[in-house]
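The values are calculated or read from the model by the stated rules, or taken from the named source; none is laboratory data. Owing to the predicted nature of the structure, the values given are computational and were not obtained by experimental measurement. As a convention, Cβ positions derive from the backbone with ideal geometry for all residues, glycine included, and neighbour counts pool all protein chains shown.
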Amino acid sequence: MEPYKNEHSNQTKTIRTGADLLIQSLMDNDVDVIFGYPGGAVLPIFDSLYEMNPSFKNYLCRHEQGLIHAAEGYARVTGKTGVVLATSGPGITNLLTGIADAMLDSLPLVVIAGQVSSAVIGTDAFQEADVIGLTTPISKHNYQIKNVADIPRIMNEAFHIASSGRKGPVVIDIPKNISEALVEGDYSGDFHLAGYQPTTQPNAGQIERVLEALTQAEKPVLLAGAGVHFAKANEELLTFLDRYPMPVVNTLQGIGALPGSHRLSLGMGGMHGSYASNQAIINADLLINIGSRFDDRLTGKLSEFSPHSKVVHIDIDPAEIGKNIKVDIPVVSDAKLALEALLEADAVQVDYSDWIDHCLAKKEDNPFWYYNYDQLISPQWFIEKVSQKTNHQAIVITDVGQHQMWAAQFYCQDKPLSFVSSGGLGTMGFGLPAAIGAQIGRPDDTVALFVGDGGYQMTIQELATIKQYNLPVKIFILNNETLGMVRQWQELLYDEHYSESLFNDGKNPDFVKIADGYGIKGMQISQESIVDEALEEVFAYDGPVVVEVMIPMKEKVFPMVPAGKGNGEMTGVKPI
Amino acid sequence: MRHIITATVEDASGVLNRITGLLARRSFNIESITVGKTTKEGISKMTFVVDLDSANSAEQLIKQLNKQIHVLKVNDITHQDIVARELALIKVKTSKTSRAEIQSLIEPFRTRILDVARNSITIEVTGGLSKVDALINLVKPFGIIEVSRTGLTAFVRDTSSK
């Protein structure tokens with residue numbers, strides 16, 4: 001990627017308007033990139049962007065939903081706040097899915113939406129939508145700017161709120177007349193949020209109780225969630241496990257919190273997690289959850305999740321503690337600071353080696369499994385191949401569905417902050433734009449996107465963005481000509497009524513031609529025998545590639561905990 | 001069980017909407033809510049009465065309220081020694097014969113008669129929830145035309161008599 005150059009001007013412009021002030025505030029908050037799409041109510045802001053020669057670059061996507069998923073991908077892999085700029089009305093409503101997605105997955109975003117002029121707010125003006133009303137239930141916080149003098153303070157507050165405590169999206173609604181208003185004097189960006197003081201330091205007494213629990217435990221399990229990534233606590237986690245070796249289960253968003261190839265990793269737990277992980281949690285006498293929210297896809301039936309364990313829950317959000325699972329030792333804290341506190345204390349004597357051996361034997365005896373094929377390609381095997389080819393270090397992006405679970409099971413992610421997936425909201429169409437943001441955030445990393453033929457078509461227009469910025473994303477469409485997860489449930493639970501879930505018999509477009517139409521290299525592979533060669537070509541190629549990987553329609557995700565059942569009732573643990 | 005919860009909040013635009021929306025979204029059933037200014041500029045006080053099925057949901061409600069940026073302080077004062085009052089306006093049907101009877105019936109409730117018309121009287125009553133409920137039940141047989149209740153407002157007593 002070429003470094004950004006602004007061809008218009010090299011001089012710093014004076015701040016004349018609210019829009020200028022907004023751009024200046026973005027620079028003051030160390031923003032590197034924003035994702036913006038112009039429109040009527042934000043024309044003054046895009047004009048300032050043109051005039052002011054800011055130190056950050058705007059990336060234009062092809063749909064507002066593309067902007068926000070790109071910002072989410074950027075935030076996930078960099079740990080920084082993603083910034084989105086869109087117009088009023090349809091601009092902001094197109095962002096709603098992404099705001100809800102970021103809220104459920106705790107991704108830091110600042111979303112700036114234009115608004116009609118103050119004088120006509122509430123009159124059903126052209127492209128007016130009630131941004132505050134629409135976004136209050138799905139954002140961490142939101143603002144409507146009513147005075148140009150408030151811009152620096154509100155922007156600073158928004159960045160602070162988005163990126164501290166439990167991170168999340170903050171929405172700023174800025175009427176056009178405020179963007180156009182002339183700046184008169186210096187406005188302070190200072191703020192004090194009396195009602196927002198997140199606890200980040202663990203309570204010393206609780207840390208002592210955790211250490212005591214360690215000495216009493218015989219069968220502890222550590223559950224690593226997204227909080228480990230957000231706190232950048234990966235090193236501390238490794239050190240903790242060196243001192244207190246115990247089996248580790250990760251959540252979907254905790255993939256890579258501990259390297260996938262680490263000796264103590266049992267893999268993902270939950271509905272499509274590993275048998276060894278679920279069994280370890282069920283039989284544990286101590287469960288140490290660091291930064292996971294005990295989501296229902298992880299826990300299954302709550303009463304059977306971990307019935308015998310004392311539960312330690314380390315979380316930055318006190319409202320998560322005790323929400324789903326009864327907690328014995330609550331630790332409201334940043335994951336890194338909690339692990340540091342545990343490591344600063346005098347080491348306690350523990351020996352869980354028999355339990356570790358037991359869990360590792362379970363893992364060894366019950367690996368994720370798949371079949372290979374003469375015609376078509378095994379999707380699980382293919383993902384494993386990509387994992388090997390990229391040394392388990394690529395940034396992996398997924399969309400939502402079967403391929404997402406296969407990626408979670410078979411890509412052995414060794415790097416932190418490198419697994420990007422829509423977990424809480426389960427947003428189809430997330431993958432392609434998220435890959436754009438991830439590649440922009442970490443331009444030197446290999447980005448591999450796994451996406452289904454269904455979700456791919458929900459945001460397929462972003463191929464134009466990939467082409468425009470020549471982002472070398474490697475796109476693997478795992479094409480089974482069906483909405484695979486829907487089809488799987490219909491097969492297993494709805495008497496094989498494939499109601500509106502099949503894309504075969506010519507319902508899908510020619511994905512290679514589409515790539516070609518966007519000026520992107522495309523290929524289709526449908527035999528395992530040519531996969532090695534194809535991957536060699538794909539990863540050697542300096543630029544984006546779309547690879548349509550033809551996989552069997554009837555392939556299912558196993559093992560699986562049926563909905564509403566306990567994690568002890570997995571089906572498909574052994575090959576069927 | 002009924003919980004009485006008070007919240008001190010910043011008087012920012014939309015704060016009431018944020019809080020009621022939050023409670024509705026998380027399936028908390030609000031029986032009443034009162035809001036008013038405090039003596040401190042920019043700070044308002046809210047009192048909620050909510051029906052909760054477990055202690056755990058009370059804890060969850062308080063934690064969720066505390067996450068709101070504009071919420072400064074939340075207390076569940078249900079089990080504390082509190083003063084709690086609600087005001088209700090009750091319009092009751094009257095006839096020539098019933099008016100005097102109603103007036104004598106409600107007398108121990110320390111009510112005020114705010115309006116008297118040919119066929120109705122309007123009563124103002126102030127008290128705890130049970131007193132207001134009791135008065136309403138008492139006059140119900142005469143025929144209630146309309147009731148308007150403010151909802152409970154409350155705080156903790158300073159000097160406990162116990």
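Quick notes
- Test result for A:LYS326, surrounded by fewer than 24 Cβ atoms within 10 Å (Cβ to Cβ), farther than 30 Å from A:ILE397 by Cβ and within 14 Å of chain B (Cβ to nearest Cβ): yes
The rows are residues; the columns are (1) more than 14 Å from chain B (Cβ to nearest Cβ); (2) β-branched (Val, Ile, Thr).
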{"position": "A:GLN144", "(1), (2)": "no, no"}
{"position": "A:ILE154", "(1), (2)": "no, yes"}
{"position": "A:ASP173", "(1), (2)": "no, no"}
{"position": "A:GLU208", "(1), (2)": "yes, no"}
{"position": "A:LEU222", "(1), (2)": "yes, no"}
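- In summary, A:ALA102 fulfils each of the numbered conditions (1) more than 14 Å from chain B (Cβ to nearest Cβ); (2) over 29 Å from A:LEU252 (Cα atoms); (3) of a type outside the set (Lys, Arg) with the single exception of condition (2).
- Any hit, the stretch A:111-118, residues being closer than 30 Å to A:ALA226 by Cα and part of a helix (DSSP H, G or I): no
Here's the yes/no breakdown for (1) touching a residue at least 60 places away in the same chain (Cβ under 8 Å); (2) buried (at least 18 other Cβ atoms within 10 Å of the Cβ):
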site	(1), (2)
A:GLY522	no, yes
A:ILE525	yes, yes
A:VAL545	yes, yes
A:GLU548	yes, yes
A:MET553	yes, no
A:VAL561	yes, yes
A:VAL573	yes, yes
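- The stretch A:439-478: number of residues that are in contact with a His (Cβ under 6 Å, 6 or more places away or on another chain) and not in a helix (DSSP H, G or I): 3
- Exactly one residue out of B:LYS91, B:LYS73 is in a strand (DSSP E or B), of a type in the set (D, E, K, R) and within 13 Å of chain A (Cβ to nearest Cβ): that is B:LYS73.
- The number of residues in the stretch A:461-487 being surrounded by fewer than 21 Cβ atoms within 10 Å (Cβ to Cβ) and within 25 Å of A:GLN380 (Cβ to Cβ) comes to 2.
- Subset of the stretch A:513-528 [over 27 Å from A:TYR370 (Cα atoms) and of a type in the set (A, V, I, L, M, F, W, C)]: A:ILE514, A:ALA515, A:ILE520
- Every residue from the stretch B:1-22 that is free of Cβ contacts under 8 Å to residues at least 40 places away in the same chain and either in contact with a Leu (Cβ under 8 Å, 6 or more places away or on another chain) or more than 10 Å from every other protein chain (Cβ to nearest Cβ) (or both): B:ASP11, B:LEU16, B:THR20
- Residues located in the stretch A:361-383, provided they are more than 26 Å from A:GLN457 (Cβ to Cβ) and part of a helix (DSSP H, G or I): A:ALA361, A:LYS362, A:LYS363, A:GLU364, A:ASP365
- Hey, B:ARG26 charged (D, E, K, R), under 24 Å from B:THR159 (Cα atoms) and touching a Leu at 6+ places or on another chain (Cβ under 8 Å) or not: no
- Residue that is farthest from A:ILE282 (Cα to Cα) [pool: residues in the stretch A:183-225 that are exposed (fewer than 15 other Cβ atoms within 10 Å of the Cβ) and among the small types (Gly, Ala, Ser)]: A:GLY185
- Qualifying residue in the stretch A:122-142 (condition: within 13 Å of chain B (Cβ to nearest Cβ), within 17 Å of A:THR17 (Cα to Cα) and in contact (Cβ under 8 Å) with a residue 24 or more places away in the chain): no
Listed here are the residues, each with its yes/no results for (1) in contact with a strand residue (DSSP E or B) (Cβ under 8 Å, 6 or more places away or on another chain); (2) within 13 Å of chain B (Cβ to nearest Cβ); (3) modelled with pLDDT of 95 or more; (4) not in a loop (DSSP other than H, G, I, E, B).
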| residue | (1), (2), (3), (4) |
| --- | --- |
| A:ALA149 | no, no, yes, yes |
| A:ALA158 | yes, yes, yes, yes |
| A:GLY165 | no, yes, yes, no |
| A:ASN177 | no, no, yes, yes |
| A:ASP190 | no, no, yes, no |
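- The set of residues in the stretch B:120-133 that are surrounded by 14 or more Cβ atoms within 10 Å (Cβ to Cβ) and either touching a Pro at 6+ places or on another chain (Cβ under 8 Å) or under 30 Å from B:VAL74 (Cα atoms) (or both) comprises B:VAL125, B:THR126, B:GLY127, B:GLY128, B:LEU129, B:LYS131, B:VAL132, B:ASP133.
- Pair list, Cβ < 7 Å and 6+ apart or interchain, from the stretch B:35-50 residues that are over 14 Å from B:THR153 (Cβ atoms) to residues that are part of a loop (DSSP other than H, G, I, E, B) and not small (Gly, Ala, Ser): B:GLY42/B:ASP11; B:ILE43/B:ASP11; B:VAL50/B:PHE28
- In the stretch A:36-48, the residue that is farthest from A:PRO175 (Cα to Cα) out of those that are touching a strand residue (DSSP E or B) at 6+ places or on another chain (Cβ under 6 Å) and outside any loop (DSSP other than H, G, I, E, B) is A:GLY36.
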